[in-house]
Amino acid sequence: MNETEKNILGLHLPTDPWWVDLAALSLEEILTDHAYCEQKAATSCISLIQGFSDREKLVTELSPIVTEEWGHFRLVLQELHKRNLKLGKQRKDEYVNSLLKFEKKGGKEEDRLLDKLLICALIEARSCERFKRLSEGLSDAYLRNFYRRFMESEAGHYVTFIELAETYLPKEKVRQRWQEWLAYEAEIISSLAPRGDRMH
């Protein structure tokens with residue numbers, strides 16, 4: 001990851017390029033995990049809409065993302081079927097579960113909203129970074145292009161979540177908490193063994 005990419009995504013710890021080699025050896029598993037990631041992204045947006053339905057811009061901005069993420073799930077499912085691979089069972093997501101431990105559960109509604117938006121932004125940023133690795137490192141030209149399109153989409157979603165946070169809270173507060181999240185996420189990435197059958 002070069003400095004420009006780091007500045008755009010903010011991630012403190014890049015994914016080692018050899019993770020792509022592991023993923024290529026576990027194509028059915030990585031596509032299965034990817035499919036469920038897209039599904040969970042859609043349900044996370046639905047949950048935000050349901051929990052904060054009085055925030056008009058949030059509802060307006062996230063509604064199309066629900067449709068897009070579900071469309072991504074269908075695209076990955078189609079890719080599995082095309083390759084005569086099967087959608088396996090959903091696996092425990094250690095990365096996301098670790099992120100949730102840092103989330104503020106009580107206190108003011110604004111603080112809870114901020115953390116929920118920043119968790120989504122962080123997952124989208126890491127997904128974007130992983131998709132970039134796949135789009136550059138896989139030997140399968142079709143899959144490289146496949147993941148290039150996902151990378152571009154996730155980058156847009158990441159920006160949306162950050163902008164929504166700055167809509168409802170002071171920018172300085174958002175940026176300060178974002179830096180805390182980035183530091184925490186780097187600790188998680190460094191503690192988890194890279195796995196080729198997991199997107200995160």
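Read the figures in this text as sums done on the coordinates, not as results from a lab. All figures in this text were calculated on a predicted structure; none of them were measured in a lab. As a convention, Cβ positions derive from the backbone with ideal geometry for all residues, glycine included, and neighbour counts pool all protein chains shown.
Structure above, values below:
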quantity	calculated
q = 0.25, 0.27, 0.28 Å⁻¹, region 138-200: log10 I(q)/I(0) [Debye, one scatterer per Cα]	-1.06, -1.08, -1.10
Top positive-direction residue, dipole computed over region 109-161 with Cβ charges, set CYS128, LEU118, ASN145	ASN145
Backbone HN-Hα couplings from phi across region 175-190 [Karplus 6.51/-1.76/1.60, Hz, Gly and Pro as x]	5, 5, 5, 4, 5, 5, 5, 4, 5, 5, 4, 4, 5, 5, 4, 6
Note, ³J(HN,Hα) from phi for region 142-153, Karplus 6.51, -1.76, 1.60, rounded to Hz, x at Gly and Pro	4, 5, 4, 5, 3, 7, 4, 5, 5, 4, 5, 5
Region 105-200, relative contact order in percent, only Cα pairs under 8 angstrom and at least six apart counted	35 percent
Taking N as its residue count, the alpha carbon Rg of region 63-181 over 2.2 N^0.38 Å	1.22
Alpha-carbon radius of gyration plus Dmax, which is the widest Cα pair, for the chain in Å	16.5, 50
Rounded to whole Hz, the Karplus (6.51, -1.76, 1.60) HN-Hα couplings of region 107-118, x for glycine and proline	x, 6, 4, 4, 5, 5, 4, 4, 5, 5, 5, 6
Label-point separation, LYS104 to ALA141 (7 Å along Cα→Cβ), nm	5.1 nm
